[in-house]
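The values are calculated or read from the model by the stated rules, or taken from the named source; none is laboratory data. Treat the numbers as computed from the prediction; the structure is a model and nothing was measured. Please note: Cβ atoms are built from the backbone with ideal geometry, for glycine as well, and neighbour counts cover all protein chains shown. Areas reflect the complete protein model, heavy atoms only, side chains present, ligands, DNA and RNA absent. Shrake-Rupley method; radii C 1.70, N 1.55, O 1.52, S 1.80 Å.
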Amino acid sequence: MLTFEIKHQDRYSRGELLLRTFFGWLYIVIPHMFLLFFMSLWGAILSFISFWVVLFTGRYPQSFFEYQVKLIHWNTRLSARMFNLSDDYPPFGLDAKDEYVNVDVQYPERISRGLVLLRLFFGVIYVLIPHLFILFFRIIWTQILVFIAWWVVLITGEFPKSWHEFIVGTLRWQTRVNLYMSYMTDVYPPFSGKP
Amino acid sequence: MFILHFQENHNFMTEENYNPIPQPDEIDIREKEDAMGAYLMMFAALGAGLPLPILNLVAAIIYYYINKGKSLFVRFHSLQSLLSQLPTSILNAIAVFWGARIVFFDYAFTDVFKGYLWLVGIANLIYIIFSIIGAVKARKGQMYYFLFFGRVSYQSVFKRREADSLKVVNQPPKM
């Protein structure tokens, strides 16, 4: 259903790490967030409309779906750099390719209308509360790992692979919950960050 | 002779002048959904969570420019949706502006304003009803022509444009 991969590199650039840490907000975050703000606004509009379309037709409009997937891909490219999971500058644009980040979601031909209503009225109870409760602790641990990994990369030039997998797993988990709550899939998100 | 001359100088909606209209079974589901989406841009302000009626118009314009290259069917519905949104958007914008003056600058809440609000309400209701019908028809792969806007959109989208007419011909200066 969801392909969510951030490639683990054998070597990481210490120079880029320092550059990102001290000036990343200036040359990565601000330009990307500026564009992503408008793109996300459009995504929110399409998402709202898609809800009604799914409710009445049982199908998520394919063009809208592809836009949302591209938007997730772009966000993930940015997150990968902010968590120091990948080197290089994240490419701009919805159609941009990234050699380190691969995100794809299989298009579902049908979406259950019953589940749409269930999520609308009870999604907070049976999806958000249990997932966010666990994710809250996982995100804290992820932040700690990101901090320690920063020093490891600075000293050794390598990112511990298991830590990398854990951090990617957290992002994957969040993405799965988002997909489910935005009616893009009927598959209940597993309580795991594994692929 | 006169009729022939008249026809040559006027663009009639004949098969020669216009591209053929696609039939429902010739249109794939993706195109139908894209065409339907155009009418649903009337809910853009709700989706964005910003109570600005002009946002619907902006969304319709963006949607038209994103989708106009996809197919004639999608382009027609996108344009019709955009054009039909103009009157209500203007009416709504005036209502918001007028209302803001009453709320923030202590202008009188006159009967004229009340009457105007009724007008805006009825105009929006008519617009929403027709747009929903348009969305449903588009989802079924059908053409649906709004009063006036349908004809304008059809002429704009389906009219054949001869390649020669777009060709630039350099001319000598006027003597």
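The amide H of B:TYR18, built 1.01 Å from its N in the peptide plane, has B:ARG160 as neighbours under 5 Å, considering only residues 5 or more places off or on other chains.
Among the listed pairs B:LYS114/B:LYS137; A:LYS97/B:LYS137; A:LYS97/B:LYS70; A:LYS7/B:LYS68; A:LYS194/B:LYS32; A:LYS70/B:LYS68, a Cα-Cα separation exceeding 27 Å is found for B:LYS114/B:LYS137; A:LYS97/B:LYS137; A:LYS7/B:LYS68; A:LYS194/B:LYS32. Counting only Cβ charges, +1 for Lys and Arg and -1 for Asp and Glu, the dipole size of the protein assembly as shown around its Cα centre is about 400 debye. Residues in the stretch A:1-50 average 56 Å² of solvent-accessible surface per residue, probe 1.4 Å, ligands and nucleic acids excluded. Among A:SER86, A:VAL103, A:ILE45, whose Cα sits farthest toward the positive end of the charge dipole of the protein assembly as shown (+1 at Cβ of Lys/Arg, -1 at Cβ of Asp/Glu, about the Cα centre)? Checked the options; the winner is A:ILE45.
This model, with +1 at the C-beta of Lys and Arg and -1 at the C-beta of Asp and Glu, gives the stretch B:27-153 a dipole about its Cα centre of some 380 debye. Only helices reaching 18 angstrom along their own axis (Cα) with mean Kyte-Doolittle hydropathy no lower than 0.5 count here, and for the DSSP H runs of chain A these are A:30-57, A:129-156. Accessible area per residue was computed with a 1.4 Å probe on protein heavy atoms; B:ILE66 scores about 90 Å². Here the label points at A:PHE147 and B:ARG30, each 7 Å from Cα along the C-beta direction, are separated by 4.7 nm in the simple model.
Once both labels are positioned 7 Å from their Cα atoms along Cα-to-Cβ, the gap between A:TYR126 and B:LYS140 label points is 3.5 nm. The largest accessible area among A:LEU145, A:LEU128 belongs to the first residue in A:LEU128, A:LEU145, and the rest follow in falling order (1.4 Å probe, all chains). Here the simple spin-label model places points 7 Å from the Cα toward Cβ, and for A:PHE166 and B:PHE104 these points are separated by 5.1 nm. Residues whose amide H lies under 5 Å from that of A:ARG59, counting only those 5 or more places away or on a different chain, are A:ILE111; hydrogens are built 1.01 Å from N in the peptide plane. Normalised by the number of residues in chain B, the mean separation of alpha-carbon contacts (under 8 Å, six or more apart) gives a relative contact order of 32 percent. Only helices enter the 222 nm calculation for the protein assembly as shown: every DSSP H run of n ≥ 4 contributes -39,500 (n - 2.57), and dividing by all residues gives -21000 deg cm²/dmol, rounded to 500. With the Kirkwood sum run over all distinct C-alpha pairs, the protein assembly as shown has a hydrodynamic radius of 24.4 Å. Against the main long axis of the alpha-carbon atoms of chain B, helix B:29-39 sits at an angle near 50°. Taking N as the residue count of chain B, its C-alpha radius of gyration divided by 2.2 N^0.38 Å amounts to 1.33. Taking the Cα centre of chain A as origin and assigning +1 to Lys and Arg Cβ atoms and -1 to Asp and Glu Cβ atoms, the resulting dipole is close to 420 debye. The stretch B:16-95 has equivalent-ellipsoid semi-axes of 27, 14, 9 Å, by the square roots of 5 times the alpha carbon gyration tensor eigenvalues, sorted largest first.
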